[in-house]
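Q: I'd like to ask some things about the structure below.
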Amino acid sequence: MKKTIISVALTSLLSMGIALSAQAKTVLKLSHNNDKTHPVHISMQHMADEVKKLTNGEVIIRIYPNSQLGTQRESMELLQSGSLDMAKSNASEMEAFEPSYGAFNLPYLFKDREHYYRSLSDPEVGQKILGSSKDKGFIGLTYYDGGARSFYASKPIKSPADLKGMKIRVQPSPSAVEMMKLMGASPTPLAYGELYTALQQKVVDGAENNETALTLARHGEVAKYFSEDQHTMIPDVLLTSVKSWNKLTPEQQAALKKAADDSMLFHKDLWTKMIAEEVEKAKTQLNVQFIQVDKQPFVDAVKSMHDTAKQNPILKPYIERIEELGK
C-alpha cells in the first residue's frame with residue numbers, strides 16, 4: 001500500500017515538474033515577408049539559435065517567413081496590439097508607425113556602407129531610434145543590412161528624365177512617395193508579395209530595391225534592367241512588442257538583445273557574400289543588365305527633402321549626427 005502511495009506521489013510530482021518546465025519555456029513568434037533563402041531570414045535564424053543557447057532553452061523563437069502571419073504592415077499592427085511577439089520590418093515602412101525612422105529614409109544620406117554601419121551602431125542615432133517607439137507598443141532590437149536600393153524595370157533608368165510617366169512601386173512610406181515624385185515618377189505603393197504579378201501584368205512599370213529582389217523574388221524574370229543609382233540605404237529592423245518584452249526576465253531580455261546585436265554583425269558578412277552571388281545569378285541565369293548611372297542628377301532632384309527634414313524637430317538631430325559621422 002505504501003509503495004503504491006509513494007509511486008503515485010512520485011508520478012504526480014514528475015508530472016508537475018514536466019508541466020512547470022513546459023510553462024517556463026517562452027515561445028516567441030517572429031513574422032517576416034522574405035523567403036527562407038533570404039539572408040535576413042538566415043540571420044534571424046542565427047539569432048534564434050543563439051537565444052535558445054543563451055537562455056538554456058527557456059526562450060524559443062519560431063520564425064514564420066513569406067508573410068505567413070500577414071503582410072509587413074499587418075504584422076506591425078499585430079505587434080502594436082501585443083497579438084504578435086516579433087516582426088521584421090524596415091525603416092521605410094516603420095516611418096508610418098514611428099517618425100524617428102524617417103531619418104534613415106532620406107535619399108543619398110550615407111556616403112558609403114561603413115558610414116551606414118557607424119550610424120546604425122551609434123548610441124545617438126541607431127540605438128536611440130530603436131528605443132523611441134516604446135510608448136507605441138513595440139521596441140527595436142537590431143538592424144539588418146538591406147543593401148542599397150536602386151531602380152529595376154523593363155528599360156534602363158539613367159536619369160530622372162527616364163522616370164517621367166513611369167509607375168514605380170514603392171513601400172507605403174511618405175519619404176518613398178515624396179522621393180519618387182521629385183524624381184519625376186508616379187509612386188505606386190504595393191505589398192511586396194504582389195509585385196511580381198504587377199510587373200508581369202504592367203500594373204507598374206518598375207520598382208526599387210536591392211539586388212536580391214531580382215533572384216530571390218524572381219523579379220529579374222520580368223524586369224531586365226537594374227540601374228544602379230543607389231538612392232537609399234534603408235535598414236531592415238527587428239522588432240518586439242512591449243507586451244512580449246515585458247514577459248521576459250531581465251536576464252532573458254539581455255540574452256535576446258545580445259543575440260540580436262550579434263546577428264547584425266553575422267548578417268553584415270553574409271550580405272556581402274550573398275549579394276555578389278545573387279548579382280552573378282541575375283546576370284548569367286536571368287540575363288539582367290546592370291546599368292551604371294551618374295548619381296548627381298538624382299541627388300540634385302531630391303535635395304529639397306534634406307532641407308525639409310532638417311526643419312523637422314524629430315529628425316534634425318539624427319540627420320546632423322549622421323552627417324557628422326560621415327566626415
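Q: Tell me, what is the percent relative contact order of segment 118-186, built from C-alpha pairs under 8 Å that lie six or more residues apart?
A: 20
Q: What does the net charge come to around E323 if you take all other residues with beta carbon closer than 10 Å to its beta carbon, with K and R at +1 and D and E at -1?
A: Cβ neighbours under 10 Å give a net charge of +2.
Q: Give me the percent of accessible area attributable to carbon and sulfur for the chain, probe 1.4 angstrom.
A: Values: 8090 of 15080 Å².
Carbon and sulfur together cover 54 percent of it.
Q: Given 37 °C and 0.692 mPa s, how large is the Stokes-Einstein diffusion coefficient of segment 121-258 in µm²/s, with Rh as the Kirkwood radius over Cα pairs?
A: Working: Rh = 16.8 Å.
Taking Rh from Cα pairs, D becomes 195 µm²/s.
Q: Got a sec to turn the phi values of segment 118-125 into Karplus ³J(HN,Hα) couplings, 6.51 cos²θ - 1.76 cosθ + 1.60 with θ = phi - 60°, whole Hz, x for Gly and Pro?
A: Rounded to whole hertz, the list is 4, 5, 5, 8, 5, x, 8, 10.
Q: Express in % the proportion of alpha carbon pairs of segment 140-213 at distances exceeding 19 Å. Working shown, then result.
A: Numbers: 899 of 2701 pairs.
The proportion of pairs with Cα distances above 19 Å equals 33 percent.
Q: Among rounded, prolate and oblate, which fits segment 101-145 when a ≥ b ≥ c are the square roots of the eigenvalues of its C-alpha gyration tensor, a/c under 1.5 means rounded, and a/b larger than b/c means prolate?
A: Prolate, because a/c is 1.5 or more and a/b exceeds b/c.
Q: Given an 8 Å cut-off on Cα distances and at least 6 residues of separation, report the relative contact order of segment 73-200 as a percent. Intermediate results must be reported in sequence, preceding the final value.
A: Details: 122 pairs, mean separation 26.7, N = 128.
Over segment 73-200, the number comes to 21 percent.
Q: Taking θ = phi - 60°, what integer Hz values does the Karplus form 6.51 cos²θ - 1.76 cosθ + 1.60 yield along segment 161-174, in sequence order, with x for Gly and Pro?
A: Once θ is set to phi - 60°, the couplings for segment 161-174 become 4, 5, 8, 4, x, 8, 8, 10, 5, 10, 6, x, 10, x Hz.
Q: Whose amide H sits under 5 Å from the amide H of V59, counting only residues 5 or more places off or on another chain, with H placed in the peptide plane?
A: T26
Q: Follow-up question, since we're still on this one. Under a 5 Å amide H to amide H cut-off, with H placed in plane at 1.01 Å, what residues pair with T188 once short-range neighbours are removed?
A: Under 5 Å from the amide H of T188: I168, R169, V170.
Q: Report for the chain the percent antiparallel among DSSP-assigned beta bridges with both residues inside it, nearest 5.
A: 50
Q: Quick check: with the 1.4 Å probe, what order do L54, L270, L79 take by accessible area, largest first?
A: The most accessible residue leads, giving L54, L270, L79.
Q: Are any of the pairs K88/K243; K164/K224; K111/K281 more than 23 Å apart by Cα-Cα distance, and if so, which?
A: Pairs exceeding 23 Å: K111/K281.
Q: For S133, which sequence-distant residues (separation of 5 or more, or a different chain) have an amide H within less than 5 Å of its own amide H, given hydrogens modelled in the peptide plane?
A: G140
Q: Taking square-rooted eigenvalues a ≥ b ≥ c of the alpha carbon gyration tensor, is segment 234-316 rounded, prolate or oblate, where a/c under 1.5 means rounded and, failing that, a/b exceeding b/c means prolate?
A: Because a/c hits 1.5 or more and a/b fails to exceed b/c, segment 234-316 counts as oblate.
Q: So, one more: With r as the distance between the Cβ atoms of K310 and D261 and R0 = 41 Å, compute the FRET efficiency 1/(1 + (r/R0)^6) and round to 0.05.
A: Computed FRET efficiency for D261 and K310: 0.85.
Q: Sticking with this one: Using packing as a proxy for protection, rank 286-299, 205-218, 162-175 so that the peptide with the highest average count of other Cβ atoms within 10 Å comes first.
A: 205-218, 162-175, 286-299
Q: Over the alpha carbons of the chain, what is the largest minus smallest coordinate on each principal axis, giving the biggest first in Å?
A: 92, 45, 31
Q: Okay, next question. If you find the alpha carbon centre of segment 57-92 and of segment 210-267, how far apart are they in angstrom?
A: 12
Q: Counting alpha carbon pairs within less than 8 Å and at least 6 residues apart, what relative contact order, in whole percent, applies to the chain?
A: Averaging sequence separation for qualifying contacts and normalising by length gives 24 percent for the chain.
Q: When the helices in the chain are scored as -39500 (n - 2.57) per DSSP H run of 4 or longer and the sum is shared across all residues, what 222 nm value do you end up with, to the nearest 500 deg cm²/dmol? Walk me through the numbers on the way to the answer.
A: On the way: 14 runs with 152 residues, N = 327.
Rounded to the nearest 500, the figure is -14000 deg cm²/dmol.
Q: Could you give the distance between the Cα centres of segment 297-327 and segment 184-205, to the whole Å?
A: Value for the Cα centre distance between the two parts: 28 Å.
Q: In segment 216-266, how does Rg compare with the Kirkwood Rh, expressed as the Rg/Rh ratio over alpha carbon atoms?
A: Rounded to two decimals, Rg over Rh is 1.23.
Q: Another one. How much area per residue is accessible in segment 188-327 when the probe is 1.4 Å and only protein heavy atoms are counted (Å²)?
A: Counting only protein heavy atoms, the per-residue value for segment 188-327 is 48 Å².
The values are calculated or read from the model by the stated rules, or taken from the named source; none is laboratory data. Owing to the predicted nature of the structure, the values given are computational and were not obtained by experimental measurement. Neighbour counts are summed over all protein chains in view; Cβ atoms, including those assigned to glycine, are modelled from backbone coordinates with ideal geometry. Heavy atoms of the whole protein, side chains included, go into the accessibility calculation; ligands, DNA and RNA do not. Shrake-Rupley method; radii C 1.70, N 1.55, O 1.52, S 1.80 Å.
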